[in-house]
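Below is one structure; the comments refer to it alone.
No value in this document is a laboratory result; all are computed from the given coordinates. Everything quoted here is computed from the prediction, not taken from an experiment. Neighbour counts are summed over all protein chains in view; Cβ atoms, including those assigned to glycine, are modelled from backbone coordinates with ideal geometry.
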Amino acid sequence: MAITINGSGTITGVSVGGLPDGSVDADTLATDSVTAAKLKSDAIAAGDLPAGSILQVVSNQKTANFATTSTSFVYMGYSTAITPIASNSSILILVNPMLRIYNTDGANADLRWRLTDDDNSTYISSGRHVIHDYGGSGSILDANVHMTGYISNVGTTSTQTYKIYGSLEGGTQAEINPYTNDTSQFTVIEIAN
């Protein structure tokens, strides 16, 4: 088909791919003329996003009960894994387990916890929850606990697993999800740097 320049200012007869490479550049395109539907699925990479952009969110719920009487740090059956998109990303960890501590000896009951990496070698954050002896023997502390952790540069694109470890210092037992309908949440967010 012949190429025709019409008196209306339009051109007909140009097939798809008929223009040489470089004929249309960014300045040729009208502002806001390219819609999201026209973008190639991988046109925007994680590295193209500005710092502070959320790259991915991984979250899971835990409903199973876990109990410990250990006086040394043990894994409390509660973890989430994420495979970072970029090695220089920041990681924000939000955990809110339903927690119960038993105090049956009339003294303080103290659960110390750690948010750690997979092998418990790097502590990301830590804290403690205490029942003072005001309740006396048989007192119980139920709490919806909020734990947070932040890693400014994860340094890898290999899968990372984050876990909760706990240790009793006084008291007789600590539990996650003590009641049948309890649900605890473990969320990991990757943020672009």
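Annotations for the structure displayed:
- Residue 126 long-range amide H proximity, modeled H, under 5 Å: 115
- Semi-axis lengths, largest first, of the ellipsoid equivalent to the chain are 59, 16, 12 Å, with √(5λ) applied to each eigenvalue of the Cα gyration tensor.
- Under 5 Å between amide hydrogens, built in the peptide plane, is the criterion, and for residue 110 it picks out 131, 169, 170, 171 among residues at least 5 positions away or on other chains.
- Of 49, 94, 115, the residue with the greatest mean-square motion in the GNM of the chain, using alpha carbon springs below 10 Å, is 49.
- Centre separation in Å (Cα based) which lies between the range 167-193 and the range 52-111: 4 Å
- Net charge dipole size for the chain [Lys, Arg +1 and Asp, Glu -1 on Cβ; Debye, nearest 20]: 220 debye
- Top of 46, 30, 67 by mean-square fluctuation, Gaussian network on the chain, Cα under 10 Å: 30
- Among 130, 14, 95, the largest mean-square fluctuation in a Gaussian network model of the chain, built with springs joining Cα atoms closer than 10 Å, belongs to 14.
- Computed from backbone phi with θ = phi - 60° and the Karplus coefficients 6.51, -1.76 and 1.60, the 3J(HN,Hα) list for the range 108-120 is 5, 10, 9, 9, 9, 10, 9, 9, 10, 6, 4, 9, 6 Hz; x is used for glycine and proline.
- Using C-alpha pairs under 8 Å with a sequence gap of at least 6, the mean separation divided by the residue count of the chain gives a relative contact order of 35 percent.
- Estimated distance in nm for a label pair at residue 69 and residue 39, the labels positioned 7 Å out from Cα along Cα-to-Cβ: 5.7 nm
- Placing a label point 7 Å from the Cα of residue 94 along the Cα-to-Cβ direction, the residues of the range 173-193 with a backbone N closer than 11 Å are 186-189.
- In sequence order, the range 7-13 has phi-based couplings of x, 7, x, 9, 10, 10, x Hz under the Karplus curve 6.51 cos²θ - 1.76 cosθ + 1.60, θ = phi - 60°, and Gly or Pro positions carry x.
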